[in-house]
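Data first, discussion second: the structure below is written as structure tokens.
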Amino acid sequence: TILYANDKFCEISGYSRAELLGKNHRIVKSTLHPPAVFAAMWETISSGRTWHGEICNRAKDGSLYWVSASIVPTCDANGLPIRYIAIRTDISERKRMEAQIVESERRFRSVVENLKEVIFRTDGEGCWTYLNPAWRDITGYAMEESLGQSSMKIIPPADRQHAAAQFARLMSRESEFLRE
């Protein structure tokens, strides 16, 4: 049962203090988390230990908001919890930005994975760390067998010295791309 609600809790949840006091905290529960999350939380705080986590709640208007929460039990003389203090920080903006990054990465991967040109990444030694599917279509080599291998392996021996010099220019940032 909610016994106290500060101004920030009222602001972020959209509920007035009068609407929150005396209510079960489920009033702001979203359906985003599986029951196991709350079972683990209750197991922790019921045993007198502090719980930390990130929870998505639902505001009065139906919108979702995220909080980083610590729930600290206050225990009686026998060590049994008698009330809990929840300390929460609004992390909604961070979660929104994380979701945007994930979506941006998904779109980027979709584009790169469907290009008909080879897109690759190498480490500092020139070994393949990423190859898009066009690699297999154009070279005939499986991506799995090529990853980790030196990029120089596929270059004809007569061209390797020139290719190594070009790679060195990229690594030293003397050049940002190669046209050859």
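Quick look at the values:
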{"item": "Whichever lysines have a C-alpha closer than 25 Å to that of residue 153, once near sequence neighbours (fewer than 8 apart) are set aside", "result": "116"}
{"item": "Portion, in percent, of the accessible area of the chain that falls on carbon or sulfur, probe 1.4 Å", "result": "56 percent"}
{"item": "Distance (nanometres) between label positions extended 7 Å along Cα→Cβ at residue 42 and residue 141", "result": "5.7 nm"}
{"item": "DSSP H segments from the chain that extend 30 Å or more along their own axis, Cα-based, with Kyte-Doolittle mean of -1.0 or above", "result": "none"}
{"item": "Nearest-20 debye value, the chain charge dipole, Cβ charges on Lys, Arg, Asp, Glu", "result": "620 debye"}
{"item": "Accessible-area ranking of 94, 107, largest first, probe 1.4 Å", "result": "107, 94"}
{"item": "Phi to ³J(HN,Hα) by Karplus 6.51 cos²θ - 1.76 cosθ + 1.60 over region 19-25, Hz, x for Gly, Pro", "result": "6, 8, 4, x, 8, 6, 5"}
{"item": "Region 72-159: C-alpha gyration tensor shape, a/c 1.5 cut-off, then a/b vs b/c", "result": "prolate"}
{"item": "Residue-normalised accessible area of region 67-180, expressed per residue, 1.4 Å probe, Å²", "result": "73 Å²"}
{"item": "Local electrostatic count at residue 171 - Lys and Arg +1, Asp and Glu -1, tallied over other residues with Cβ under 15 Å", "result": "-1"}
{"item": "Paramagnetic reach from residue 101 in region 22-60 [backbone N under 20 Å; point 7 Å along Cα→Cβ]", "result": "53-56"}
{"item": "Highest average packing first - 163-173, 124-134, Cβ atoms within 10 Å", "result": "124-134, 163-173"}
{"item": "Contour minus Cα-Cα distance for residue 121 and residue 80 (0.36 nm per residue)", "result": "9.1 nm"}
{"item": "Under 25 Å from the Cα of residue 23 - lysines, other chains or at least 8 residues apart", "result": "8, 60"}
{"item": "Of 157, 138, 62, farthest towards positive along the dipole that unit charges on Lys, Arg, Asp, Glu beta carbons give the chain", "result": "62"}
{"item": "The chain - Rg and Dmax from Cα coordinates, angstrom", "result": "27.4, 83"}
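The values are calculated or read from the model by the stated rules, or taken from the named source; none is laboratory data. Being a predicted model, the structure only gives us computed values, none of them experimental. We place every Cβ from the backbone using ideal geometry, glycine too, and count neighbours over all the protein chains shown. In case anyone asks, the SASA skips ligands and DNA or RNA and just uses the protein heavy atoms, side chains included. Shrake-Rupley method; radii C 1.70, N 1.55, O 1.52, S 1.80 Å.
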